[in-house]
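Notes follow the structure.
Nothing in this text is a laboratory measurement; each read-out follows from the coordinates by a stated rule. Computed from a predicted structure; not experimentally measured. Here Cβ is always computed from backbone atoms with ideal geometry, including for glycine, and neighbour counts include all displayed protein chains.
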Amino acid sequence: MDTIDDTLADRSAARRPSNGRKHASRTSRKRKPGIKGFLRKWWWAFVAVPLVGVLGALGTLYYLYTQLELPSTPPPLQTTYVYDRDGNLLTTLHASVDRTIVPIDEMPVSLRNAVIAAEDKGFYEHPGIDPIGIVRAAWTDLVARDTVQGGSTITQQVVKNVYAGTYETDPETGQQVYTVPPRTFGQKIRESLLAMKVEQEFTKDEILATYLNTVYFGRGAYGVQAAAQTYWSKDVGELTLLESATLAGIIPSPSLFEPIEFPDDAETRRDYVLDRMVANGYLQADRAAVLKGKDVRVHPLENADDFPRKLGYFLDYTRRSLIAEYDEPTVFGGGLQVTTTLDSEMQGFAEEAVASRLPEPDDPEAALVAIDPRTGGVLAMVGGRSWERSQVNLATGDGGTGRQAGSAFKVFTLVAAMEDHIDLDSRWSGPSSIRIPDERCYTNGEPWELSNASDSENGTFTLTQATSHSVNTVYAQLVTTVGPDAVVDVAHRMGIGSPLDPVCSITLGTQEVTALEMTDAYATLAARGWRHRATPLEQVADPSGEVRLEINERGRQVLDENDADLATYALQTVVTSGTGTNAQIGRPVAGKTGTAQEYVDAWFCGYTPQLAACVWVGYPEGQIPLVNVEGYSAVFGGTIPALIWHDFMVQAMEGMPVKDFHEPSFEGYTGGPPTPAPVETTEPTGPTGPTAPTGPTAPTGPTGPTAPTGPTGPSAPTGPTGPSAPTGPTGGSGPVANDTS
């Protein structure tokens with residue numbers, strides 16, 4: 001009988017390896033070399049190769065450093081030339097005040113301290129470069145896979161603005177041209193070497209003086225002396241501490257922080273600079289607190305923007321577009337060659353059309369914009385009576401605000417209805433006044449109530465007829481059917497850039513827009529739903545002639561072509577038999593009149609397949625009713641605005657072939673009015689306008705259509721009996737201008 005010890009002994013014996021030939025003895029095996037042995041043998045390679053690489057890189061950098069040369073003078077500023085589409089010179093863009101080099105001791109200490117505190121607090125300590133800033137910028141560029149951030153010290157900015165570029169001779173002018181190099185990683189290394197060389201050859205004060213004499217401060221001002229003259233009409237030595245802090249705050253982004261156009265933003269930046277001065281020991285905190293309580297004040301030079309009296313509005317629009325595309329230093333000192341979209345002949349026609357209809361100094365003013373629907377190019381622009389007198393551009397809203405478009409804005413509700421496949425032949429109740437119970441339309445907690453422009457305008461209308469005669473009560477129902485959100489979406493897609501609130505009254509044009517936006521949107525319809533962003537820039541080339549920008553002729557489809565064609569179909573009836581008959585020019589035209597409440601704004605927007613234009617008439621001073629103007633008791637969109645549009649288009653379209661609009665398909669468009677219908681109110685609650693304008697050119701209008709007895713097609717609209725217009729000096733009867741909203 002085996003014991004436990006015997007069993008354990010047997011198991012131990014079983015696990016012992018045999019002494020057969022297949023197993024070599026432990027002492028006879030060869031040890032394989034490990035990683036430690038490899039490192040002991042080849043360690044020198046891991047040290048020598050990187051060392052040689054580093055020494056080689058340092059040697060290369062040192063060689064490059066010794067070969068760098070610094071020019072002795074700042075680069076010349078290069079004038080930007082602006083031409084019309086035919087190559088005729090329109091103007092030049094350059095510094096409004098010549099750059100003047102002033103020594104550092106003539107600059108206020110407060111100015112120097114403000115700039116250092118805001119731009120480079122370690123300026124007097126670092127060797128020209130900021131290694132931490134460079135590493136941070138390099139990491140940002142690596143993540144973005146592009147050169148998006150600089151780690152620039154003041155010295156590096158001097159290098160970029162003065163020393164890093166190349167000087168070439170312009171073959172046309174014979175002048176030296178300074179070209180700023182592209183922002184590449186290799187260029188940043190070169191600029192870092194140049195910065196160290198600058199630090200070796202110049203004192204810190206000399207570097208700071210060069211910086212302050214060459215940096216850009218906005219509005220064409222290069223250097224502190226030019227900036228002091230531009231913003232305060234004084235020499236740099238006379239600048240106060242607050243003015244110095246304001247200038248220092250401008251430097252990072254002159255187009256956003258300059259104090260003439262953006263005083264609030266300039267004040268925010270100025271206060272930031274004051275805080276930095278406190279943090280760096282240049283200013284006491286209690287004094288900074290007192291200074292921050294003061295407003296930004298400027299006393300700019302007169303006529304800094306020396307543009308022609310009439311053309312100044314288009315040129316200002318061009319300048320702003322260039323700055324948005326590039327930057328101010330490039331625009332005012334980069335020597336660009338700019339070909340604009342302006343047709344100088346059409347521009348003359350536009351100015352003549354406005355002046356002939358509004359000839360008196362106390363007349364309201366007008367804005368007119370004409371756009372090529374095929375490209376988005378702005379061919380003509382009237383932005384006011386005189387650029388010398390007012391720099392508020394009534395066409396673009398720059399320097400001011402937009403204006404209410406009235407019923408000209410109904411076009412966006414119409415397009416939204418087409419996208420909902422609502423039938424143009426659908427029949428809608430159009431009472432003289434109406435109450436809309438839809439909660440989306442509530443005003444002050446109550447249902448929305450509104451009326452037509454005339455109590456006599458009521459009955460049943462097809463959607464085409466309601467568009468032709470601008471029936472407010474029908475469009476109030478239509479906006480609840482498609483939804484105000486859809487109207488906002490359509491407007492933005494078609495070209496309206498202004499912010500819009502999705503409220504029901506948007507269909508009546510109660511929100512502010514500009515003539516440029518409206519023309520851009522109507523041009524989208526002329527192009528059958530293809531949007532070409534409005535632009536004054538045909539082509540932009542750099543000083544060497546290399547084209548850097550060209551107009552985009554492809555566009556972007558934002559509407560279904562048939563939806564756009566259906567809207568155009570309805571808008572043609574506005575001109576043939578509706579509120580816009582004064583806009584007839586002997587060829588197919590589509591358009592829409594618009595008149596704001598109390599007649600404070602009057603519009604006509606229209607187009608042919610080749611050209612779109614909008615006209616606005618009003619008082620720039622404010623919401624002043626357009627009454628008793630040039631013989632008209634009240635100005636509607638169908639009067640003076642339509643007549644200005646007519647006069648311009650007749651001349652602008654001369655020589656162009658007559659083209660028809662595309663015929664739309666009506667198949668599948670079966671939608672109609674909501675059920676149940678909104679409630680008709682017994683008494684109108686909205687404003688009631690005059691039945692028709694009285695004026696020396698009051699046209700003879702057609703007899704109003706008879707009340708419908710059955711469904712009718714859009715091509716043969718029927719509707720309520722049209723009242724007769726009062727007799728003007730030349731006689732005749734006209735349709736009711738049912739267009740106030």
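For the range 357-373, the Karplus equation 6.51 cos²θ - 1.76 cosθ + 1.60, evaluated at θ = phi - 60°, returns couplings of 8, 10, x, 8, x, 8, 5, x, 9, 9, 10, 9, 10, 10, 10, 7, x Hz by residue, with Gly and Pro reported as x. Near Thr91, the amide H atoms lying under 5 Å from its own belong to Val82; only residues 5 or more places off or on other chains count, and H is placed 1.01 Å from N. The Cα-based radius of gyration and maximum Cα-Cα distance (Dmax) for the range 352-680 are 19.3, 69 Å. Sorted on the mean count of surrounding Cβ atoms within 10 Å across their residues, most packed first, peptides 459-466, 510-517, 293-300 read 459-466, 510-517, 293-300. Taking amide H positions as modeled 1.01 Å from N, with prolines and chain starts lacking one, the residues under 5 Å from Gln557 and 5 or more places away or on another chain are Arg531. Neighbour counting of Cβ atoms within 10 Å sorts the residues Ser429, Ser152, Ser451, fewest neighbours leading, into Ser429, Ser152, Ser451. Computed 3J(HN,Hα) for the range 245-257, one whole-Hz value per residue from the Karplus formula 6.51 cos²θ - 1.76 cosθ + 1.60 where θ = phi - 60°, is 5, 5, 4, 4, x, 6, 3, x, 8, x, 6, 9, 10, glycine and proline marked x. Compute the FRET efficiency between Asp560 and Leu301 as 1/(1 + (r/R0)^6), taking r as their Cβ-Cβ distance and R0 = 60 Å, and round to the nearest 0.05. E between Asp560 and Leu301, to the nearest 0.05, is 0.70.
Residue-wise HN-Hα couplings along the range 538-549, as the Karplus relation 6.51 cos²θ - 1.76 cosθ + 1.60 with θ = phi - 60° gives them from phi, are 7, 7, 10, 10, 7, x, 7, x, 6, 6, 9, 7 Hz; Gly and Pro carry x. Between amide H atoms placed 1.01 Å from N, distances below 5 Å from Asp601 occur with Ala596, all of them 5 or more places distant or on a separate chain. Summary value for the range 352-680: 25 percent relative contact order, contacts being C-alpha pairs under 8 angstrom separated by 6+ residues.
Inter-part distance, the range 465-532 to the range 353-425, computed on C-alpha centroids, equals 14 Å. Here the peptides 599-605, 381-387 are ranked by packing, the mean other Cβ count within 10 Å, and the order with the highest first is 599-605, 381-387.
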